[in-house]
Amino acid sequence: MKVRVTITLKAGVLDPQGKAIEGALRGLGFAGIDGARQGKIVDLALAETDPDKARATVADMCEKLLANTVIENYDIAVLG
Amino acid sequence: MKVRVTITLKAGVLDPQGKAIEGALRGLGFAGIDGARQGKIVDLALAETDPDKARATVADMCEKLLANTVIENYDIAVLG
Amino acid sequence: MRSAVVLFPGSNRDHDMVKALHDVTGNRPTVVWHQDATLPDVDLIVLPGGFSYGDYLRCGAIAARSPAMLDVARKAKAGVRVLGVCNGFQILTEAGLLPGALMRNAHLRFVCKEVKLRVINNATDFTRAYAKGQVIRCPVAHHDGNYFADPETLARLEDDGRVAFRYAEGTNPNGSINDIAGILNEAGNVLGMMPHPENLIEALHGGLDGRGLFESVIQAVAA
Amino acid sequence: MFQNDIDITPDLIARHGLKPDEYERILRLIGKKPTLTELGIFSAMWNEHCSYKSSKKWLKTLPTKGDKVVIGPGENAGVIDIGDGDVAIFKMESHNHPSYIEPYQGATTGVGGILRDVFTMGARPIAAMNSLSFGEPDHPKTRHLVAGVVAGVGGYGNSFGVPTVGGEVRFHARYNGNCLVNAFALGIARRDGIFLSEAKGVGLPVVYLGAKTGRDGVGGATMASAEFDDTIEEKRPTVQVGDPFTEKRLLEACLELMKTGAVVAIQDMGAAGLTCSAVEMGAKGNLGIRLDLDRVPQREEDMTPYEMMLSESQERMLMVLEPSKEKEAEAVFRKWELDFAVCGETTDDLRFRIIWQGKEVADLPIKELGDEAPEYDRPWVEPRKAAPLAADAIPAVNDVGAALIRLIGAPDQASRAWVYEQYDCLVQGNSAQIPGGDAGVVRVEGTQKALAMSADVTPRYCDADPFEGGKQAVAESWRNVTAVGGDPIALTDNLNFGNPEKPEAMGQFVRALQGIAEACRALDFPIVSGNVSLYNETNGEGILPSPTIVGVGLLPDVTRMATIAFKADGDEVILVGGHGSHLGQSVYLRDLHGREEGTPPPVDLALEKKNGDFVRGLIASGRVATCHDLSDGGLGVALAEMAMAGRRGVRVELGSRVPQVAVFAEDQARYLIAVKPGEAAAILADAARAGVSAERIGTVGGDAVDFGAAGKASVADLKAAYDGWFPAFMSGKA
Ligand SMILES: Nc1ncnc2c1ncn2[C@@H]1O[C@H](COP(=O)(O)OP(=O)(O)O)[C@@H](O)[C@H]1O
Ligand SMILES: [Mg+2]
C-alpha cells in the first residue's frame, strides 16, 4: 500500500525557504506571484493492505516523527 | 490561483533522507515498511486566473528553478 | 563536576564538547551512546553539535526520539541541568524540552563565523559567571539556527527572562526572531543555544569567552 | 533479460571510450572475446581517469622521495612523518565534470571521495581545502555553479565534521564550459597504524562495507575522461548523490574496526567502484579475487552485473578481513547501522572472477587488468608562450590608492568570505588559522605542533608559460606555508589540463610538469600524492592549464605562528626580497587595463629558498608574528590585506620608484613582515648577513594604506570594495 504524507508549515510560521523561492522567481522575471510556501512529502510503501489501518498507522507516524506539530500540519493520502 | 508543485526524486537516485526516515520509523517500532522516499512541495499563489496559463508558467518555473531536473521530477496541480 | 555527553550517529562536535568540559572542569565527561536507555547521574548532560541523522527530515527530529532522550527528558524534569548546543538545541526543541523551532537560516546558507552575544539573563546556572548585559564573542556554525516561536510563546520567553543570549551589535547570523541565540526552559535547568562556546575556550581559539558558560555550571554545582 | 555474451561491435567499443587498438590489446591480453561485463570492466580500468594512460610517463619523472616521506604516490593518499610517531596523510582530487553537470552533488561527492581516500588509510581527517575555478562572472552559468559547488563542498564537509581551513576561488572565461572543483583532505594517524590496499593471504573473506549499491554514476569514470560537447545534457543521469551522514558513520566504523586488528587490507570504492577497488587489492597483492555479486547489498532491483561492476555509488569500501574477527567486525558495522556483507574471497589463481545469479559473468587476468593498461607517449609540441611586455607598454595610473581599491574589489582579489563562511572551519576545535590568511593551520591534538597547508596555482601564468607557471605554483604554496611559520614538507597536486590528444595541450601538461618537478627538487618539497584531470575542454576550447598544488608543512610550536594582520600602530614594516619590477601577466594589467599580456614573473628557486628560510627562521624564533607573502597584486594588495585584517593603516615610502610598478609588480620570492618598533634594525642586519634583500619600507598606523605622494586608500574604502564584491555578485547586483 502506498501512502503519501504531505507536510506543510502552519499559517503564521516563518518560512525562509518559501520566501527565498518567491524572491528568486521574481528575480528570474516571473511576475504576479502572491506568495510561495514550501513543504515536504514522504512517500511510504507499507505492507498493510487495509486503507483505514494504513491511514491510522501513518497518522501515528506523523504524530510521533514525521511532522513537528508545533509548526507543521500533515495530510495523509492513501494512493492504493 | 493556487498551484501546488510536487517535486520527487527520480527513480534510482539515492535518497539518504528517505532511508533515514525509514530507519527511524523502524526504530520507533513501526513494522511493515517497505520503503520511504521524501520529496518537496512548493505552494504558489499566482495572480494568473487562467489554469492553462498558470500551469505553463509554473512548468517554466520548475525548469528554471524549482526542480533540479538532473535528479528530480516535478508534477503540477492547479488547486484553483 | 560530573558531566555526560550524548553521542548520536552524525554528531560531530561531541569531541569538541568533551575536550572543553575536560579542560574547564578537570573531569572527563562520560560519553553516552544514543541507544543507551539510562544516563549516569551527573551534574550536567550535554547534547553536542553536529548533524545527527544527517539533519534529515528535520534537524534533530530523529535524534530526539532516541532511547537516551527519553532518559534525558526524565532527568530534565527531575531538575538535572541539560545543555544543548547547535544540533543539541535543535534536538531539545524537537523533543519538546524547549519551545519553538529552529528554521533554515534566513539567507538559506550555512554560516560559520564569529558573532557577538549579549548575556540577557545571568541569573542562571549556565550564565552566572558572566555579567548581565555583557557582550561576549562566540562562533556559530549552522544551517538551521533561525529561531521561531509563536507570539504567545515568545512573549512568555521574554517576560519570564528565559532568553539567555541574544545576538548583539547587528551580528544576528540567521534571522532569529528577537535576535534570540539561546533560551531556557521554564525551570531554568535546560539551556539550548546555537553558538558554540566550546570552540572559544583556549588561546589557540583566539579567545576564552566561551569558558564562562562551563565555569557557571561549576559555580552552580558548588553553590 | 541481461545478455552477457553479446556481439562486441565497433560502436559498442567506442561507446565504452575504448580505441580500436585498445580493444585489440584487450583481445591479446585475455585471449578471448570479452563478455559485456568484461568489456565494461576494461573500460572502467582503462579510461584516463583510472589508468593515467596519458600522464603516467610524465608522472614518473616527479620527485617523490624525501626524509619525511613515508608513502609516496600509488596509495590512496600520501603519507609524511610529522614526528613523535605521528603521520599526516593527504591527497587532492578533482570532481570537475560532475560538478559542471550537477554542481551541488558533484561537489559533495568530490569532497566525500577525498575524505574516504584519507580515512581508508587509517587516518582521521582533520582538515579539508578546496580549489575552485569558474567561468567569468557574467557568464550565465557561473553564478549557478558557484552557488551549487560552494553549498555542496560545505554541505558535505560540515556534516561530516571536518574543518575546511582554506582554498582558492578564481574566475576566468576559459572555465566557462568547464569549472574546476579540486578537493583536498588531510588526516592524522600513527605511523604504525597505516592501512593499505594490498591484499595478503589466500582464501580470506572480501567484505563489502558502507552504503548499498545502486545505478549511480554508471559510466561516470568514462565521463570524467571525455571532452564535453553539446550532448552534455544526455550525460547527466550518471551523476551520483552524496550522503555525508553515511560517510561519517563509515569513518567511525572503519576507525573502530581498524583498532581491532581485523583489517588485512582496505580500499575505498571511488571511480568505477567495485571494479577498481577489487582489482587494485588483488593486483597489488598478487592474488586473485572472486566476487559473488548476489551477496552485494543492492539498493535497486534487477541490477545487472555490468551495472554493479561499474556503479559509482558513494560511501562504500571493500576490505579483506582477518577471518577470526568476522563477528566482531560485523558488530561494529551493525552498531553504526551500515551494510556489512562477505561477498567474495581472495584466491591464488590471479583471476578476477565475477559470479552473478550463480553464473560466472567475468573471468579476467587480474594483473593484466591492473598493470597492463595502455601507456601513451602522446605527441606534444612546445606550447605557445606569451611575448615579453615592452617596458614602455606599461600604462600608468594617477593615483595608486584609487587603483588599489579597484583591484582589491575585483572578482579575483575580493574577499572570499561569502564562500568560506559556508564552510565549518572550527569543528574539532584545533583550528589555529582559518581561511583569510596565507595558509590554514590545524593543531595536532594533544601536542603543540600544527600542520600548515595552502592551495595554490596561478593559471594565467601557466598559460603564458607552462614551465614557469608550474614552478610558480609550487613556489607559491611553499611560500604560503612558510609565511605562517610552517616548515614545508611535501605536497599533493591536481593537474587539470585540456585534451591530451592535442599536441599543444599535451605540451602544456609536459612543460608544467617539468616546472613543477624542478621546483620540488630545488625546494626539497616532494610530491606524495595527486590526481590528473584531462579533457577539460568544451567544444574544442581548453581551460587554462591549472596544476593545483597543496603544500603541507609542520609548525613545531603552534604558539610561534605568524598571521597577516597588522597588530599594533608603530610596528615597522619590512619588505623581504626587494622591490618588484615585473608587471607581465599581473592582475594590475588585467583588471585595471584589460590586458592579459606579457611573460609571467620568473621564479628564481634558489632565491625563493633563501628568502623563505630566512623568514621562517624569524617566525620560529618568535621575533616575527606578522607576515604575508606577495602574490597576485604584489606589494599593494598584500599591504591592503594586512591592513584590513588588522583594521589599521600603514604608511609606506616608495622613494623615487615608479609607483604602479613598485606597488603592483608580481615578482616572486617576496614577503612582508612587521615587527615591534625598534626591532627592525637587528633583523635587517641579520638579513644582510644571510645575503637576503630586506628593506624597511614603512610603519603601521593611521587609517589608510598610504603611499605618500603616489596616493592612498583608506582602510574603510578598501574594506568596502573587498567585502562588497562577492555578496553583490551572488545576489545579482555586481
Ligand atoms: N574555496 C575556498 N575555500 C576556503 N577558503 C578559501 C577559498 N578560496 C579562498 N579562500 C581563502 O581566502 C584567502 C585568500 O585566498 P588567496 O587569495 O587564494 O590566498 P593566497 O594569495 O594567499 O594564496 C585564503 O585564506 C584562502 O584560504
Ligand atoms: Mg598568500
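For D:N539, state whether it is among the polar types (S, T, N, Q), away from ligand 1 (no atom under 16 Å from the Cβ) and on the phi > 0 side of the Ramachandran plot. Explain how you work it out, then say what you get.
Numbers: among the polar types (S, T, N, Q): yes; away from ligand 1 (no atom under 16 Å from the Cβ): yes; on the phi > 0 side of the Ramachandran plot: yes.
It is true that D:N539 is among the polar types (S, T, N, Q), away from ligand 1 (no atom under 16 Å from the Cβ) and on the phi > 0 side of the Ramachandran plot.
Does D:P411 fit the bill of being within 11 Å of ligand 1 (Cβ to nearest atom), assigned to a loop (DSSP other than H, G, I, E, B) and not assigned by TED's automatic domain parsing to the domain that holds D:G515? Let's see the steps before the verdict.
Details: within 11 Å of ligand 1 (Cβ to nearest atom): no; assigned to a loop (DSSP other than H, G, I, E, B): yes; not assigned by TED's automatic domain parsing to the domain that holds D:G515: yes.
It is false that D:P411 is within 11 Å of ligand 1 (Cβ to nearest atom), assigned to a loop (DSSP other than H, G, I, E, B) and not assigned by TED's automatic domain parsing to the domain that holds D:G515.
Give me the pairs: first residue in the range D:136-150 and over 14 Å from D:D412 (Cα atoms), second residue within 16 Å of ligand 1 (Cβ to nearest atom) and of a type in the set (S, T, Y), beta-carbon distance under 7 Å, and six or more apart or on different chains, which are they?
D:G148/D:Y104; D:V149/D:S99
Here is a list: D:G702, D:G655. Which entry is modelled with pLDDT under 95 and more than 15 Å from ligand 2 (Cβ to nearest atom)?
On the way: D:G702 fails: modelled with pLDDT under 95.
Answer to the selection: D:G655.
Is it fair to say D:V663 is within 32 Å of the chain's Cα centre (by Cα), of a type in the set (V, I, T) and more than 16 Å from ligand 2 (Cβ to nearest atom)?
Numbers: within 32 Å of the chain's Cα centre (by Cα): yes; of a type in the set (V, I, T): yes; more than 16 Å from ligand 2 (Cβ to nearest atom): yes.
Answer is yes for this residue.
Within the range C:42-64, how many residues are more than 12 Å from chain D (Cβ to nearest Cβ) and either without any contact (Cβ under 8 Å) to a residue 12 or more places away in the chain or of a type outside the set (D, E, K, R) (or both)? Write out each step before concluding.
If we filter the range C:42-64 for residues that are more than 12 Å from chain D (Cβ to nearest Cβ), which is where we start, we get C:42-47, C:58, C:60-61, C:64.
In the following step, the residues that additionally are either without any contact (Cβ under 8 Å) to a residue 12 or more places away in the chain or of a type outside the set (D, E, K, R) (or both) were identified as C:42, C:44-47, C:60-61, C:64.
Selection size over the range C:42-64: 8.
Condition first: more than 17 Å from the chain's Cα centre (by Cα) and touching a residue at least 60 places away in the same chain (Cβ under 8 Å). Can you find one or more residues in the range A:41-50 that meet it?
no
Which one is surrounded by the fewest Cβ atoms within 10 Å (Cβ to Cβ) among residues in the range D:389-444 that are within 14 Å of another protein chain (Cβ to nearest Cβ) and among the acidic types (D, E)? Give the steps one after another, and end with the answer.
Step one: of the range D:389-444, the residues within 14 Å of another protein chain (Cβ to nearest Cβ) are D:415-437, D:440-444.
Among the residues that remain, those that are also among the acidic types (D, E) are: D:421, D:424.
On the way: D:E421: 21, D:D424: 33.
Out of the qualifying residues, it is D:E421.
Suppose we filter D:G166, D:G157, D:G177, D:G122 for residues that are touching a strand residue (DSSP E or B) at 6+ places or on another chain (Cβ under 7 Å), within 13 Å of ligand 1 (Cβ to nearest atom), small (G, A, S) and not in a helix (DSSP H, G or I); which single one remains?
Details: D:G157 fails: not in a helix (DSSP H, G or I); D:G177 fails: within 13 Å of ligand 1 (Cβ to nearest atom); D:G122 fails: within 13 Å of ligand 1 (Cβ to nearest atom).
The conditions single out D:G166.
Among the residues of the range D:688-734, write down those that are hydroxyl-bearing (S, T, Y) and surrounded by fewer than 19 Cβ atoms within 10 Å (Cβ to Cβ). Lay out the reasoning, then the answer.
To start, the set of residues in the range D:688-734 that are hydroxyl-bearing (S, T, Y) comprises D:693, D:699, D:714, D:722, D:731.
D:S693, D:S714, D:S731, listed by residue number.
Results for (1) in contact with a helix residue (DSSP H, G or I) (Cβ under 7 Å, 6 or more places away or on another chain); (2) closer than 20 Å to D:M561 by Cβ, shown as yes or no for each residue.
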site: D:L630; (1), (2): yes, yes
site: D:G634; (1), (2): yes, no
site: D:A645; (1), (2): no, yes
site: D:V650; (1), (2): yes, no
site: D:R657; (1), (2): no, no
site: D:Q660; (1), (2): yes, no
site: D:V663; (1), (2): yes, no
site: D:D667; (1), (2): no, no
site: D:V675; (1), (2): yes, yes
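In the set D:R353, D:R443, which member is of a type in the set (K, R) and farther than 30 Å from C:N105 by Cβ?
Checking each option against the conditions leaves just D:R353.
Name the single residue, out of those in the range D:246-302 being at pLDDT below 95 and of a type in the set (D, E), that is farthest from D:E337 (Cα to Cα).
This residue is D:E280.
Taking the range A:1-54 on its own, how many of its residues are assigned to a helix (DSSP H, G or I) and at the interface with another protein chain (Cβ under 7 Å from one of its Cβ atoms)? Lay out the reasoning, then the answer.
Going residue by residue through the range A:1-54, those that are assigned to a helix (DSSP H, G or I) are A:16-27, A:51-54.
From what is left, the residues that are at the interface with another protein chain (Cβ under 7 Å from one of its Cβ atoms) are A:16-17, A:20-21, A:24-25, A:27.
Counting residues in the range A:1-54 that are assigned to a helix (DSSP H, G or I) and at the interface with another protein chain (Cβ under 7 Å from one of its Cβ atoms) gives 7.
Answer yes if at least one residue in the range D:73-87 is closer than 22 Å to D:E372 by Cβ and either free of Cβ contacts under 8 Å to residues at least 12 places away in the same chain or part of a helix (DSSP H, G or I) (or both), and no otherwise.
Step one: of the range D:73-87, the residues closer than 22 Å to D:E372 by Cβ are D:73-76.
Narrowing further to those that are either free of Cβ contacts under 8 Å to residues at least 12 places away in the same chain or part of a helix (DSSP H, G or I) (or both): D:74.
Checked against the condition, which is being closer than 22 Å to D:E372 by Cβ and either free of Cβ contacts under 8 Å to residues at least 12 places away in the same chain or part of a helix (DSSP H, G or I) (or both), the range D:73-87 yields at least one hit.
Specify which of the listed residues (D:N430, D:N496) is in contact with a Leu (Cβ under 6 Å, 6 or more places away or on another chain), modelled with pLDDT of 95 or more and more than 16 Å from ligand 2 (Cβ to nearest atom). Outline the logic, then answer.
Values: D:N430 fails: in contact with a Leu (Cβ under 6 Å, 6 or more places away or on another chain).
From the options D:N430, D:N496, the qualifying one is D:N496.
Quick one: is D:S99 outside the structural domain of D:F729 (by TED's automatic domain parsing), crowded, with 23+ Cβ neighbours inside 10 Å and part of a helix (DSSP H, G or I)? Write out each step before concluding.
Numbers: outside the structural domain of D:F729 (by TED's automatic domain parsing): yes; crowded, with 23+ Cβ neighbours inside 10 Å: yes; part of a helix (DSSP H, G or I): yes.
When the stated conditions are applied, D:S99 passes them.
Applying the selection to the range C:10-42, what residues are part of a loop (DSSP other than H, G, I, E, B) and under 22 Å from D:T164 (Cβ atoms)? Walk me through it before giving the result.
Filtering the range C:10-42 down to residues part of a loop (DSSP other than H, G, I, E, B) leaves C:10, C:12-13, C:26-29, C:34-42.
C:G10, C:N12, C:R13 - these are the residues of the range C:10-42 that are part of a loop (DSSP other than H, G, I, E, B) and under 22 Å from D:T164 (Cβ atoms).
Name the pairs: first residue in the range D:438-456 and closer than 21 Å to D:V169 by Cβ and part of a loop (DSSP other than H, G, I, E, B), second residue within 14 Å of ligand 1 (Cβ to nearest atom) and of a type in the set (V, I, T), Cβ to Cβ under 6 Å, at least 6 apart or on different chains?
Matching pairs, first to second residue: D:D438/D:V484; D:A439/D:V481; D:A439/D:V484.
Does the range D:164-183 hold any residues that are more than 16 Å from ligand 2 (Cβ to nearest atom) and within 14 Å of chain C (Cβ to nearest Cβ), and which are they? If you could, list the steps in order and put the result at the bottom.
Our first condition is that a residue be more than 16 Å from ligand 2 (Cβ to nearest atom); within the range D:164-183, this holds for D:164, D:171-183.
Residue satisfying the conditions is D:T164 alone.
Scanning for something in contact (Cβ under 8 Å) with a residue 60 or more places away in the chain and either near ligand 1 (Cβ under 9 Å from one of its atoms) or closer than 9 Å to D:G166 by Cβ (or both), does the range D:424-433 turn up at least one residue? Give the steps one after another, and end with the answer.
Step one: filter the range D:424-433 for residues in contact (Cβ under 8 Å) with a residue 60 or more places away in the chain, giving D:424-428, D:430-433.
Still in the running and either near ligand 1 (Cβ under 9 Å from one of its atoms) or closer than 9 Å to D:G166 by Cβ (or both): D:425, D:433.
Yes; the residues of the range D:424-433 include at least one that is in contact (Cβ under 8 Å) with a residue 60 or more places away in the chain and either near ligand 1 (Cβ under 9 Å from one of its atoms) or closer than 9 Å to D:G166 by Cβ (or both).
Consider the range D:445-479. How many of its residues are touching a Phe, Trp or Tyr at 6+ places or on another chain (Cβ under 7 Å) and either away from ligand 1 (no atom under 12 Å from the Cβ) or not hydrophobic (A, V, I, L, M, F, W, C) (or both)?
Residues of the range D:445-479 touching a Phe, Trp or Tyr at 6+ places or on another chain (Cβ under 7 Å): D:455, D:468-469, D:472, D:474, D:478.
Pick out the ones that are also either away from ligand 1 (no atom under 12 Å from the Cβ) or not hydrophobic (A, V, I, L, M, F, W, C) (or both) and you get D:468-469, D:472, D:474.
Total satisfying the criteria: 4.
Would you mention how many residues in the range A:62-80 are out of contact with any Cys (no Cβ under 8 Å at 6 or more places or on another chain) and over 24 Å from C:F148 (Cα atoms)?
Total satisfying the criteria: 4.
State yes or no: is D:R479 in contact with a strand residue (DSSP E or B) (Cβ under 9 Å, 6 or more places away or on another chain), within 16 Å of ligand 2 (Cβ to nearest atom) and within 14 Å of chain C (Cβ to nearest Cβ)? I'd like the intermediate steps shown before the answer.
Values: in contact with a strand residue (DSSP E or B) (Cβ under 9 Å, 6 or more places away or on another chain): yes; within 16 Å of ligand 2 (Cβ to nearest atom): yes; within 14 Å of chain C (Cβ to nearest Cβ): no.
Spelling it out, it is not the case that D:R479 is in contact with a strand residue (DSSP E or B) (Cβ under 9 Å, 6 or more places away or on another chain), within 16 Å of ligand 2 (Cβ to nearest atom) and within 14 Å of chain C (Cβ to nearest Cβ).
Here is a check on your reading of the model: is C:A129 of a type in the set (G, A, S), over 30 Å from D:G436 (Cβ atoms) and buried (at least 21 other Cβ atoms within 10 Å of the Cβ)? If you could, list the steps in order and put the result at the bottom.
Values: of a type in the set (G, A, S): yes; over 30 Å from D:G436 (Cβ atoms): yes; buried (at least 21 other Cβ atoms within 10 Å of the Cβ): no.
Considered against the rule, which asks whether it is of a type in the set (G, A, S), over 30 Å from D:G436 (Cβ atoms) and buried (at least 21 other Cβ atoms within 10 Å of the Cβ), C:A129 comes out as no.
Please find, within the range D:532-590, the residue that is farthest from ligand 2 (Cβ to nearest atom) out of those that are surrounded by 23 or more Cβ atoms within 10 Å (Cβ to Cβ) and hydroxyl-bearing (S, T, Y).
The extreme case among them is D:Y535.
Identify all residues within the range D:620-645 that are within 14 Å of chain C (Cβ to nearest Cβ) and within 15 Å of ligand 1 (Cβ to nearest atom); write none if there are none. Talk me through it step by step, then tell me what you get.
Within the range D:620-645, the subset within 14 Å of chain C (Cβ to nearest Cβ) is D:625, D:645.
Within the range D:620-645, D:A645 is the sole residue that qualifies.
Go through the range B:55-65 and give me each residue that's in contact (Cβ under 8 Å) with a residue 24 or more places away in the chain and more than 7 Å from chain A (Cβ to nearest Cβ). I'd like the intermediate steps shown before the answer.
First pass over the range B:55-65, keeping only residues in contact (Cβ under 8 Å) with a residue 24 or more places away in the chain: B:55, B:58, B:61-62.
Hits for the range B:55-65 are B:R55, B:V58, B:C62.
Check whether at least one residue in the range D:109-121 is acidic (D, E) and surrounded by fewer than 24 Cβ atoms within 10 Å (Cβ to Cβ), and report yes or no. Spell out how you get there, then give the answer.
Taking the range D:109-121 first, the residues acidic (D, E) are D:117.
Among the residues that remain, those that are also surrounded by fewer than 24 Cβ atoms within 10 Å (Cβ to Cβ) are: none.
Checked against the condition, which is being acidic (D, E) and surrounded by fewer than 24 Cβ atoms within 10 Å (Cβ to Cβ), the range D:109-121 yields no hits at all.
The values are calculated or read from the model by the stated rules, or taken from the named source; none is laboratory data. Please read these numbers as outputs of a predicted model, since none were measured by experiment. With ideal geometry, Cβ positions are generated from the backbone for all residues, glycine too; neighbour counts draw on all protein chains shown.
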